[in-house]
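*Asks:* Let me begin by handing over the structure; questions about it come next.
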Amino acid sequence: MSSPLRGDGGAELLFNGVKKHPVTLPSQSEPWDMKQLLVWIQRNLLKERPELFVQGDSVRPGILVLINDADWELMGELDYQLQDQDNVVFISTLHGG
Amino acid sequence: MAQEVCGLKAQLREKEEEIAALKNKLAQLEKSRAASVELHHRVMPLTPLTGKAALSNEDIMRYSRQLLLPELGVQGQLNLSKTSVLIVGCGGLGCPLAQYLAAAGVGRLGLLDYDEVELSNLHRQVLHGEENQGQAKALSAASAVQRLNSTVECIPYHLQLSPENALQLIQQYDIVADCSDNVPTRYLVNDACVLSGKPLVSASALRMEGQLTVYNYHGGPCYRCLYPVPPPPETVTNCSDGGVLGVVPGIMGCFQALEVLKIASGQGSSCGQQLVMFDAQDARFRLIRLRPKQASCAVCGENPSVTRLVDYEAFCGSAATDKCRKLNLLSKEQRITVQDYKSIMDSAEPHLLLDVRPLVEVDICHLPSSLNIPLSSLEERKREHLQLLRERVSQLKHQMAGDCQPPVYVICKQGNDSQKAVQILEKMSGSEVDRVTVKDICGGLTAWARGIDRTFPQY
Ligand SMILES: [Zn+2]
């Protein structure tokens, strides 16, 4: 299954400065859900300082997760089952003015 | 005789016209002086804003190009004159926002900022000029706006918004715009808007990105619905650390002006449950559908736990300014002053000076003979950088007699990152690199520029 990942608003820094991260997830019998994706990202993309990205089994406060340009709260958050070609974006809230 | 009468009459008419012109000029001057702004240091009750019953000929001429829009029209313009808007923060967002709101004819503008104008503000805070350095930003912004449109009532507040004054202030305005630069203020403004039922047009910008949402508007979510828990303070980057291209908050502040004008004129905003994200690098706007108002929200939910304003600095674990926090991670023995380092330098004592700032900052300025390894490279144990460090330490060891531990002095911009680097280097010492004595230079290059070398650039 392939799914482009993006990090904006500073979150790209967590991905070694790379904004677009097309990934192909290993196939498994059950469909991938967001909870599993977060674990996979932490293991495969964020080797250093994962605490800047995750807290418990979700993202840390101040990061908003978007699935296909919608707040993931509208999609079931951690339980959302990923479809092929889904676009997942992690954004950090900005505070500067 | 008749000719003389005619001539005198003509002369009289001329003088009368001249007098009328002078009277008009005097009235204008008096009006602008009466409207000339007085700085408020605390929140005071305001007289109710009446607005205009009808447009004068001068109004019609001034606003003609927007009156022609069916979306605005005469009624929209009259609505603007009846609306008061509070702008929290007269910086990169607040300046263009205040400018366009005043130009468009909003009735009353509250301009709040606790800070004074500095040279490093001018690239983005475009209402302030060189001559305004040191002046209260609220006053500088208000005078600039008043020059643009003297018919707009401007109230500059030189104060820090706090749980004690926020409700009294916000209750007096119809629409609030959050142009602030720190997390505690964003929660404070949100809660005060929810508790007083005001729409909140909120924007933010950093580096090459901007975000905008209208909160607490037509049953939509509030800031807390989206962000129930504040971010850990160490993950928050401000403009003085992360940098920002001036035009980016400029674009977002203009976007805020657009949404405020639509709400004030009666057209309404479509950003109530929507996040606008601006990526300046790709020149791209994205519209994100947001969650609705949350029943579980602590302030706007069904059983709110926040029913009055609380201590937001404690809630967020950070101060309500964008000034840099001063970390204190090390003991006294692990730190030296810039004066100490100056005498080490002058005595040519063998040592390694390690500059842990990112390369982009080292390009701005650095001390000669410093070795640059960014903090992030130390944290990630970047192989080529560790190799470089090992080489320099062993060179130093050869240079020094006996089996002493070579001294390493760590410097950065303000003395925060350098302390983190000292902690990392102490862990590495004796394992990943030869044993070293690591010390932090207190206050970093900023302290160096202030205390040792006044010609050294500050940024
Ligand atoms: Zn809420």
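*Asks:* State which residue is surrounded by the most Cβ atoms within 10 Å (Cβ to Cβ) when the search covers only the stretch B:194-204 and only residues that are more than 11 Å from the ligand (Cβ to nearest atom) and over 20 Å from the mean Cα position of the chain (by Cα).
*Replies:* Applying the filter and picking the extreme gives B:Pro199.
*Asks:* A further question on this structure: Consider the stretch B:224-269. How many of its residues are touching a His at 6+ places or on another chain (Cβ under 8 Å) and under 21 Å from B:Lys293 (Cβ atoms)?
*Replies:* Total meeting the criteria: 1.
*Asks:* Of (1) more than 13 Å from chain A (Cβ to nearest Cβ); (2) more than 16 Å from the ligand (Cβ to nearest atom); (3) more than 30 Å from B:Leu112 (Cα to Cα), B:Leu375 satisfies all except one. Which?
*Replies:* All conditions pass for B:Leu375, except number (1).
*Asks:* Among the residues of the stretch B:231-249, write down those that are surrounded by fewer than 21 Cβ atoms within 10 Å (Cβ to Cβ) and modelled with pLDDT of 95 or more.
*Replies:* Selection gives B:Leu245, B:Gly246, B:Val247.
*Asks:* Can you tell me which residues in the stretch B:172-182 are more than 16 Å from the ligand (Cβ to nearest atom) and either within 11 Å of another protein chain (Cβ to nearest Cβ) or in a helix (DSSP H, G or I) (or both)? Outline the logic, then answer.
*Replies:* Initial filter on the stretch B:172-182 (more than 16 Å from the ligand (Cβ to nearest atom)): B:172-175, B:177, B:179-182.
Answer for the stretch B:172-182, where residues must be more than 16 Å from the ligand (Cβ to nearest atom) and either within 11 Å of another protein chain (Cβ to nearest Cβ) or in a helix (DSSP H, G or I) (or both): B:Ala177, B:Cys179, B:Ser180, B:Asp181, B:Asn182.
*Asks:* Is it fair to say B:Asp191 is modelled with pLDDT under 95 and crowded, with 22+ Cβ neighbours inside 10 Å?
*Replies:* Answer is no for this residue.
*Asks:* Does the stretch B:136-155 include one or more residues that are modelled with pLDDT of 95 or more and under 13 Å from the mean Cα position of the chain (by Cα)?
*Replies:* Checked against the condition, which is being modelled with pLDDT of 95 or more and under 13 Å from the mean Cα position of the chain (by Cα), the stretch B:136-155 yields at least one hit.
*Asks:* A further question on this structure: Among the listed residues A:Leu52, A:Leu82, A:Leu45, identify the single one that is surrounded by 15 or more Cβ atoms within 10 Å (Cβ to Cβ) and within 25 Å of B:Gln273 (Cβ to Cβ).
*Replies:* Details: A:Leu52 fails: within 25 Å of B:Gln273 (Cβ to Cβ); A:Leu45 fails: within 25 Å of B:Gln273 (Cβ to Cβ).
When all the criteria are applied, what remains is A:Leu82.
*Asks:* I'm trying to understand the selection: among the residues of the stretch B:275-292, which are more than 10 Å from every other protein chain (Cβ to nearest Cβ) and surrounded by fewer than 18 Cβ atoms within 10 Å (Cβ to Cβ)?
*Replies:* Once the filter is applied, which keeps residues that are more than 10 Å from every other protein chain (Cβ to nearest Cβ) and surrounded by fewer than 18 Cβ atoms within 10 Å (Cβ to Cβ), the stretch B:275-292 yields B:Ala280, B:Ala283, B:Arg284, B:Phe285.
For (1) part of a loop (DSSP other than H, G, I, E, B); (2) within 14 Å of the chain's Cα centre (by Cα); (3) in the same structural domain as B:Gly89 (by TED's automatic domain parsing), each residue gets a yes or a no:
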{"site": "B:Tyr187", "(1), (2), (3)": "no, no, yes"}
{"site": "B:Asp191", "(1), (2), (3)": "no, no, yes"}
{"site": "B:Leu206", "(1), (2), (3)": "no, yes, yes"}
{"site": "B:Tyr217", "(1), (2), (3)": "yes, no, yes"}
{"site": "B:Arg224", "(1), (2), (3)": "no, no, yes"}
{"site": "B:Pro228", "(1), (2), (3)": "yes, no, yes"}
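*Asks:* Counting only residues that are touching a residue at least 12 places away in the same chain (Cβ under 8 Å) and within 16 Å of the ligand (Cβ to nearest atom), give me the helices (runs of 4 or more DSSP H) lying completely in the stretch B:235-337 with at least 1 of them.
*Replies:* Working: elements: B:239-242, B:247-265, B:312-316.
In the stretch B:235-337, B:312-316 are the helices (runs of 4 or more DSSP H) which contain 1 or more residues that are touching a residue at least 12 places away in the same chain (Cβ under 8 Å) and within 16 Å of the ligand (Cβ to nearest atom).
*Asks:* Among B:Ser150, B:Ser140, which is away from chain A (no Cβ under 14 Å), in contact (Cβ under 8 Å) with a residue 12 or more places away in the chain, not in a helix (DSSP H, G or I) and not hydrophobic (A, V, I, L, M, F, W, C)? Don't jump to the end; show me each part of the working.
*Replies:* On the way: B:Ser140 fails: not in a helix (DSSP H, G or I).
After applying the criteria, what remains is B:Ser150.
*Asks:* Now for a separate question. State the number of residues belonging to the stretch B:401-435 that are surrounded by 22 or more Cβ atoms within 10 Å (Cβ to Cβ) and either in contact with a Ser or Thr (Cβ under 8 Å, 6 or more places away or on another chain) or of a type outside the set (S, T, N, Q) (or both).
*Replies:* Qualifying residue count for the region: 12.
*Asks:* Sticking with this structure for a sec: Please give the helices (runs of 4 or more DSSP H) falling wholly within the stretch B:42-103 in which 1 or more residues are within 28 Å of B:Leu167 (Cα to Cα) and more than 14 Å from chain A (Cβ to nearest Cβ). Please lay out each step first, then the result.
*Replies:* Values: elements: B:57-62, B:64-67, B:73-81.
Answer list for the stretch B:42-103: B:73-81.
*Asks:* Only helices (runs of 4 or more DSSP H) wholly contained in the stretch B:350-452 count here; list those with 1 or more residues that are over 26 Å from B:Pro233 (Cα atoms). Explain how you work it out, then say what you get.
*Replies:* Numbers: elements: B:359-362, B:375-379, B:383-399, B:417-428, B:444-451.
Filter on the stretch B:350-452 gives B:383-399, B:417-428, B:444-451.
*Asks:* Taking B:Leu8 as the residue in question, decide whether it is in a helix (DSSP H, G or I) and of a type in the set (A, V, I, L, M, F, W, C).
*Replies:* Numbers: in a helix (DSSP H, G or I): yes; of a type in the set (A, V, I, L, M, F, W, C): yes.
Considered against the rule, which asks whether it is in a helix (DSSP H, G or I) and of a type in the set (A, V, I, L, M, F, W, C), B:Leu8 comes out as yes.
*Asks:* Just to verify a result, which residue in the stretch A:73-97, among those that are in contact (Cβ under 8 Å) with a residue 24 or more places away in the chain and at the interface with chain B (Cβ under 9 Å from one of its Cβ atoms), is nearest to the chain's Cα centre (by Cα)?
*Replies:* Among those that are in contact (Cβ under 8 Å) with a residue 24 or more places away in the chain and at the interface with chain B (Cβ under 9 Å from one of its Cβ atoms), it is A:Val89.
*Asks:* Then there is this: Could you run through the stretch B:207-229 and say how many residues are within 16 Å of the ligand (Cβ to nearest atom) and surrounded by fewer than 21 Cβ atoms within 10 Å (Cβ to Cβ)? Let's see the steps before the verdict.
*Replies:* Keep residues of the stretch B:207-229 that are within 16 Å of the ligand (Cβ to nearest atom), which gives B:213-229.
After this cut, where a residue has to be surrounded by fewer than 21 Cβ atoms within 10 Å (Cβ to Cβ) as well, the list is B:218-219, B:226-229.
Number satisfying all stated conditions: 6.
*Asks:* Going through the stretch B:406-441 one residue at a time, which ones are of a type in the set (A, V, I, L, M, F, W, C) and closer than 15 Å to B:Leu367 by Cα? Full working, then the answer.
*Replies:* Filtering the stretch B:406-441 for residues of a type in the set (A, V, I, L, M, F, W, C) gives B:408, B:410-412, B:421-422, B:424-425, B:428, B:433, B:436, B:438, B:441.
Hits for the stretch B:406-441 are B:Val408, B:Val410, B:Ile411, B:Cys412, B:Ile441.
*Asks:* Select, from B:Leu352, B:Leu396, the only residue that is at pLDDT below 95 and in contact with a Pro (Cβ under 8 Å, 6 or more places away or on another chain). Working first, answer last.
*Replies:* Values: B:Leu352 fails: at pLDDT below 95.
Exactly one of B:Leu352, B:Leu396 is at pLDDT below 95 and in contact with a Pro (Cβ under 8 Å, 6 or more places away or on another chain), namely B:Leu396.
*Asks:* Follow-up question, since we're still on this one. Does any residue of the stretch B:349-366 turn out to be touching a residue at least 24 places away in the same chain (Cβ under 8 Å) and touching a His at 6+ places or on another chain (Cβ under 7 Å)?
*Replies:* Checking the stretch B:349-366: at least one residue is touching a residue at least 24 places away in the same chain (Cβ under 8 Å) and touching a His at 6+ places or on another chain (Cβ under 7 Å).
The values are calculated or read from the model by the stated rules, or taken from the named source; none is laboratory data. Keep in mind that what you see is a predicted model, and the values were worked out from it rather than measured. Using ideal geometry, Cβ is built from the backbone for each residue, glycine included, and neighbour counts are taken over all protein chains shown.
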